Amino acid sequence: MNGVEIDSLSFCYRDSKQEILHEIGTSVEAGEFVCILGQSGCGKSTLLRLLAGLEKPTGGSIRIDGEELRGASLSRGMVFQDYGLFPWMSAGENIVLALRQRFPEMTKAEKKALALSMLEKVGLQREIYSKLPKSLSGGMKQRCAIAQAFAIDPPILLMDEPFGALDAVTRARLQDLVLELWESGERSRKKTVFFVTHDVDEAILLADHIIVLGQRPSRIIYELRIPEEKRAKRETQFVDPEIISMRNELIRQINQDVEQHIGE
Ligand SMILES: Nc1ncnc2c1ncn2[C@@H]1O[C@H](COP(=O)(O)OP(=O)(O)OP(=O)(O)O)[C@@H](O)[C@H]1O
Ligand SMILES: [Mg+2]
């Protein structure tokens, strides 16, 4: 399961009067890969924080399998925009800590082995296990955070621009890895993924449900569900006429919203 219903969701940060999200509503089926697109500052990270249970809605609700979401849970893993690694622990210890919370029955050796294999999967060498985050590059930290999220194998995965700091080749490799891990669901079934990105092409490649957030206050200005058989493929993404027209429409919708807000 792990379907998500978002109903008239509104949000305002406590110390501010400005409404960030305004009556957001959508329905996400279990196992969907949802990409959230929108301009910088429109509230994408805020929406993920609400989905993680780190913030409480000021209006409306989020329900998971019919149950109203209350507080954070290990069943929803998050890859934060700023990586979310504890700076005083090595990369490997960060992963092991998350594993300890999620799988208390695992032995120390099992946790270490799993952490090492996840680091390897995201293309990092074993030595990285014992390195502190401050001694790693942005892209390496980002890969550690992705390794951590997939190691804990949560049924709902929230990813906030997880590939922002990566070069094009690593990014393509990790996009494929995320899709593979999403589809195969190594130790559980297909995950429900919410993935924030600025990149229209990345959204088209990954998603089967795209949500575009507008600005001030943010609402859903465009939404697209892509049936399984119409999903984009890396090899044909830029030549398939249907994908090209989907891309053009997405860009048109985003630009139209930007134009409406220019000069405000
Ligand atoms: N803790 C906070 N307190 C008050 N306002 C906040 C807080 N965090 C974010 N905001 C404001 O909420 C709005 C949305 O921020 P958010 O980080 O969700 O945007 P975003 O879409 O993720 O942007 P980006 O693409 O740059 O990451 C911004 O105007 C921001 O200034
Ligand atoms: Mg953000």
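Stokes-Einstein diffusion for the chain, with the hydrodynamic radius set to the Kirkwood value over Cα pairs and evaluated at 20 °C in a medium of 1.002 mPa s, equals 112 µm²/s. Here the Karplus curve 6.51 cos²θ - 1.76 cosθ + 1.60, taken at θ = phi - 60°, turns the phi angles of the range 192-204 into couplings of 9, 10, 10, 10, 8, 8, 8, 9, 4, 5, 5, 4, 5 Hz, with x standing for Gly and Pro.
Counting 0.36 nm for each residue step from residue 97 to residue 63 and taking away their Cα separation leaves a gain of 9.4 nm. Oblate is the label for the range 183-253, because the ratio a/c of its alpha-carbon gyration tensor axes (a ≥ b ≥ c) is 1.5 or higher and a/b is not greater than b/c. In a fully extended conformation the segment linking residue 199 and residue 56 would gain 48.7 nm over its present Cα-Cα distance, using 0.36 nm per residue. Computed from backbone phi, the HN-Hα couplings of the range 252-258 come to 4, 4, 5, 5, 4, 5, 4 Hz, rounded to whole numbers (Karplus: 6.51 cos²θ - 1.76 cosθ + 1.60, θ = phi - 60°; Gly and Pro given as x).
Kirkwood hydrodynamic radius computed over the range 126-204 comes to 13.4 Å, based on all pairs of distinct alpha carbons. For the chain, DSSP calls about 50 percent of its internal beta bridges antiparallel. Measuring between their Cα centroids, the range 168-241 and the range 58-84 lie 20 Å from each other. Annotation: lysines with alpha-carbon distance below 28 angstrom to residue 191 (same-chain offsets under eight excluded): 44, 56, 108, 111, 112, 121, 141, 230, 233.
Sequence-distant contacts, meaning Cα pairs under 8 Å at least 6 residues apart, place the relative contact order of the range 85-193 at 28 percent. Taking every C-alpha pair closer than 8 Å and separated by at least 6 residues, the mean separation divided by the residue count of the range 113-264 gives a relative contact order of 16 percent.
Seen against the Cα atoms of the chain and their longest principal axis, helix 168-184 is set at about 90 degrees. FRET efficiency for the residue 8 to residue 109 pair, using the beta carbon distance and R₀ = 51 Å, is estimated at 0.60. Taken over the C-alpha atoms, the range 64-158 has Rg and Dmax values of 13.4, 44 angstrom. Sorting the segments 20-27, 58-65 by their mean number of nearby beta carbons within 10 angstrom, highest to lowest, gives 20-27, 58-65.
Read-outs: derived from the displayed coordinates by stated rules, not from any lab. Keep in mind it's a predicted model, so treat the numbers as computed, not measured. When we count neighbours, we look across all protein chains shown, and the Cβ atoms used for this are built from the backbone with ideal geometry, even at glycine.
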